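The values are calculated or read from the model by the stated rules, or taken from the named source; none is laboratory data. Keep in mind it's a predicted model, so treat the numbers as computed, not measured. All accessible areas refer to the heavy atoms of the entire protein, side chains included, with ligands and DNA or RNA removed. Shrake-Rupley method; radii C 1.70, N 1.55, O 1.52, S 1.80 Å.
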Amino acid sequence: GATYYFRITGVTEGQVWGTDTYTRDSVLGAAAVHAGLLKPGQTAVLRLVVVPPLPSYPGSTRNGVTTSDYGDFPQAWTLSAI
């Protein structure tokens, strides 16, 4: 349940796994665009919350970013506006 704040710039490229809950190694800027929190090139401070891992992370396409499916991964997070 740790919470962190990051200044993130939205991008449309980079590996992202999951939808709404992302694996730890996902690119923050691309996940932020996928989640609808930023537009490409836009910068803002967002809240990242470490959450319990999921049994799987389904991918999807949103806002010009396609995320990938991933199976069991031990670390995950969510992003939100502050």
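(1) of a type in the set (Phe, Trp, Tyr); (2) under 11 Å from the mean Cα position of the chain (by Cα); (3) open to solvent by 60 Å² or more (accessible area, probe 1.4 Å): which one isn't true of Tyr4, the others all being true?
(2)
Give the residues of region 6-30 that are charged (D, E, K, R) and closer than 15 Å to Leu54 by Cα, sorted by residue number.
Asp20, Arg24, Asp25
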